[in-house]
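Have a look at the structure below before the remarks.
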Amino acid sequence: MGLFDFLSDKGEQKPVEPAAKPAAGGTDFFGNAANANPAAAGDSYTVVSGDSLSKIAKHHYGDAAKWHQIYEANKATIGSNPDHIEVGQVLTLPSL
């Protein structure tokens, strides 16, 4: 069946309807748990060479002093030293 075959005079053929969106709380395309409220989790950011929490805060929030919020949201990833972030770490940038 071609793209425009449904327009021909062959009865009541109709185009296929798009699939329904999955319900919130399921899984995404890759099988990861989907977040029911993605805005609550904030954005994610992958650390690149030369980054610091204050540089990330300045770029994302417009205020370098908000690095504390990023650190608090990512203590489990960063560890006890906020000056030691590593290239490739994925940090959650909380909504402020």
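Overview of results
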quantity	calculated
Neighbour net charge for Ala65 - beta-carbon separation under 13 angstrom, K R +1, D E -1	+2
Normalised convex hull volume, segment 36-96, alpha-carbon set, Å³ per residue	78
Around Leu96: net Lys/Arg minus Asp/Glu count, Cβ-Cβ under 13 Å	-2
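Each value in this text was obtained by applying a stated rule to the coordinates, not by laboratory testing. Every value quoted in this text rests on a predicted model; they were computed, and no experiment measured them. Positions of Cβ are backbone-derived with ideal geometry, glycine not excepted, and every protein chain shown enters the neighbour counts.
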